[in-house]
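Peer 1: Starting off with a structure, shown below.
The values are calculated or read from the model by the stated rules, or taken from the named source; none is laboratory data. Keep in mind that this is a model prediction, so the values were computed, not measured. Positions of Cβ are backbone-derived with ideal geometry, glycine not excepted, and every protein chain shown enters the neighbour counts.
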Amino acid sequence: MTSFTSPIPTIRPALPRDKADVAEFTKFIWDGHDYVGEVFPRWLEDPHGILLAAEYAGKCVGCAKVSLIASGQWWLEGFRVDPKFQDKRIGSRLDAACNQWWDEHGDGMLRLMTNSKRVKVHHLSETRGFVRAGEVCAYAAEPLTKATDAFTPLQPEEAEEAAALCQRWMPNGYLNIGWKFAAPNAEAMRAALQDESLFFWWRGRKGIVSAWEDDEEDGNRFIVGMEACAGEDRVQLLEDVRRLASARGSVVLRWMNIMSESILRDLDTAGYRKDWDDAAYLYERRHS
């Protein structure tokens with residue numbers, strides 16, 4: 001009797017020929033709003049980090065990426081598995097390969113974010129040595145049409161000064177750069193500015209705001225990834241951000257970062273309301 005065995009998934013560096021497969025199996029993920037198929041070609045050209053693919057029966061059925069944000073700051077992203085092959089442990093193989101690559105080639109800190117309900121991912125991450133750094137959620141507010149002159153663009157040459165102020169105001173805080181988190185040092189800020197993130201001084205040097213913009217079908221969205229100021233000024237800063245969003249033509253304003261009792265209280269006072277059903281957990285692992 002002839003015996004047939006199933007192919008074994010292979011983890012390897014991604015190749016240009018994987019683009020079509022990734023675009024195909026991601027097009028129905030997140031109700032058709034998955035970004036990975038769109039950015040995958042650009043990821044292939046990234047000279048830093050590693051982009052891995054899972055091959056099964058001659059097709060790419062999964063991918064994952066280790067990205068360099070700034071020196072010593074790395075990000076795990078783009079974990080995707082073709083829904084038709086979820087039973088092959090491809091996700092855990094990709095995760096192991098990414099972590100092994102970083103152990104051999106990386107340094108500093110590796111971070112990832114995952115849904116707060118994905119208990120298996122939490123357990124796997126903690127088994128690999130990741131520590132939960134905080135709980136992330138999004139809060140939204142309507143832009144306010146009243147004009148504001150409270151903000152001026154932050155220039156790349158001002159990043160050192162901005163980072164020093166962030167260290168004073170939020171010594172253990174994080175900079176959210178379009179769904180990637182990093183310590184807000186000068187190099188990370190300059191890298192974010194080059195990647196089209198927005199940084200503003202608030203009322204001279206009383207505070208700093210970082211944000212990015214997404215152009216959706218229903219209009220422009222203004223997403224605040226970090227706000228830094230003295231604690232007693234935060235409500236006023238958050239209210240002024242609502243005016244900044246309107247001035248930039250945004251129809252939706254969203255704040256997204258790690259929650260704390262004080263920030264939740266100030267968000268509520270400034271008119272922001274919870275915008276996600278679930279939260280997310282930020283994990284990090286220090287290189288040994």
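Peer 1: What single numbered condition from (1) farther than 20 Å from residue 35 by Cα; (2) in contact with a Ser or Thr (Cβ under 7 Å, 6 or more places away or on another chain); (3) buried (at least 18 other Cβ atoms within 10 Å of the Cβ); (4) in contact (Cβ under 8 Å) with a residue 24 or more places away in the chain fails to hold for residue 140?
Peer 2: (2)
Peer 1: Looking only at region 135-147, which residues are closer than 21 Å to residue 212 by Cβ and either modelled with pLDDT under 95 or part of a helix (DSSP H, G or I) (or both)?
Peer 2: Within region 135-147, no residue meets the criteria.
Peer 1: Residues that are under 26 Å from residue 32 (Cβ atoms) and buried (at least 21 other Cβ atoms within 10 Å of the Cβ): does region 225-235 have at least one?
Peer 2: Yes, that holds for at least one residue.
Peer 1: Next question. Need the failing condition index for residue 111 against (1) surrounded by fewer than 20 Cβ atoms within 10 Å (Cβ to Cβ); (2) part of a strand (DSSP E or B), just the number.
Peer 2: Among (1) surrounded by fewer than 20 Cβ atoms within 10 Å (Cβ to Cβ); (2) part of a strand (DSSP E or B), residue 111 violates only (1).
Peer 1: Ok, one more. Among the numbered conditions (1) modelled with pLDDT under 95; (2) among the acidic types (Asp, Glu); (3) crowded, with 18+ Cβ neighbours inside 10 Å, tell me where residue 218 comes up short.
Peer 2: Residue 218 satisfies every listed condition except (3).
Peer 1: Further question: Pairs under 6 Å by beta carbon, first residue of a type outside the set (Gly, Ala, Ser) in region 105-133, partner assigned to a helix (DSSP H, G or I), six or more apart or different chains?
Peer 2: These pairs meet every condition: 110/102; 114/121; 128/99.
Peer 1: Has region 200-215 got at least one residue that is hydroxyl-bearing (Ser, Thr, Tyr), under 27 Å from residue 125 (Cα atoms) and buried (at least 21 other Cβ atoms within 10 Å of the Cβ)?
Peer 2: no
Peer 1: Within region 33-82, which residues are more than 25 Å from residue 189 (Cβ to Cβ) and out of contact with any helix residue (DSSP H, G or I) (no Cβ under 7 Å at 6 or more places or on another chain)?
Peer 2: 33, 38, 55, 57, 58
Peer 1: Please go through region 253-284 and pick out each residue that is assigned to a strand (DSSP E or B) and touching a Gly at 6+ places or on another chain (Cβ under 7 Å).
Peer 2: 256, 257, 258, 282
Peer 1: Can you tell me which residue is surrounded by the most Cβ atoms within 10 Å (Cβ to Cβ) among those in region 6-56 that are more than 18 Å from the chain's Cα centre (by Cα), among the small types (Gly, Ala, Ser) and on the phi < 0 side of the Ramachandran plot?
Peer 2: 54
Peer 1: Out of the residues in region 148-176 that are part of a loop (DSSP other than H, G, I, E, B) and among the hydroxyl-bearing types (Ser, Thr, Tyr), which is farthest from the chain's Cα centre (by Cα)?
Peer 2: Going through region 148-176, the residues part of a loop (DSSP other than H, G, I, E, B) turn out to be 148-150, 154-155, 170-174.
Then drop every residue that is not among the hydroxyl-bearing types (Ser, Thr, Tyr), which leaves 148, 174.
On the way: 148: 29, 174: 11 Å.
In this case the residue turns out to be 148.
Peer 1: Just one of 130, 199, 181 is of a type in the set (Phe, Trp, Tyr), assigned by TED's automatic domain parsing to the domain that holds residue 239, farther than 19 Å from residue 242 by Cα and touching a strand residue (DSSP E or B) at 6+ places or on another chain (Cβ under 9 Å); which is it?
Peer 2: On the way: 130 fails: assigned by TED's automatic domain parsing to the domain that holds residue 239; 199 fails: farther than 19 Å from residue 242 by Cα.
Of 130, 199, 181, the one residue that is of a type in the set (Phe, Trp, Tyr), assigned by TED's automatic domain parsing to the domain that holds residue 239, farther than 19 Å from residue 242 by Cα and touching a strand residue (DSSP E or B) at 6+ places or on another chain (Cβ under 9 Å) is 181.
Peer 1: Within region 54-71, work out how many residues are small (Gly, Ala, Ser) and under 13 Å from residue 15 (Cα atoms).
Peer 2: 4
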